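Contents: one structure, followed by commentary.
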């Protein structure tokens, strides 16, 4: 079932094991869809078409959990504006005897190579917090490496002599 809520939609889908899971899709940077009579005012330099997809595997996504993930993921969108989509998959593994039962997987689709991270924890909210922290560190490291590369270009050696200007 797909229900439109402005730019947000919710639908149920099955998982690989046949058990039901839920998925939420949120569009960031967009409010309610404007009608045709209102002019559209957008910053042309901004790339505010971020998308957050939250899905639960063997886990029912409560509204508070969805809100928690959305608020945590906002930090990623604030730090890096070139993110196209963030997918967060929360999985509950009830077969494990002790310790880690929740797995949070994050996939950041960004201009350039995509980033993936996985975190396991005994509590779902803690797994989400650890996942967002890990993705944020990955984005900061990526930004730092790009900045260093931009400020320190590599020397290029040519096998031929460069002709002198007359």
Starting from 0.36 nm per residue, how many nanometres of slack lie between residue 70 and residue 116 once their C-alpha separation is accounted for? 14.8 nm
Given a Förster distance of 30 Å, report the FRET efficiency between residue 81 and residue 126 from their Cβ-Cβ distance, rounded to the nearest 0.05. 0.60
Spin-label point model (7 Å from Cα, Cβ direction): what's the residue 138 to residue 164 distance in nm? 5.4
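Throughout, read-outs are computed from the coordinates displayed, never taken from laboratory work. All figures in this text were calculated on a predicted structure; none of them were measured in a lab. Positions of Cβ are generated from backbone atoms using ideal geometry, with glycine treated the same way; all protein chains shown enter the neighbour counts.
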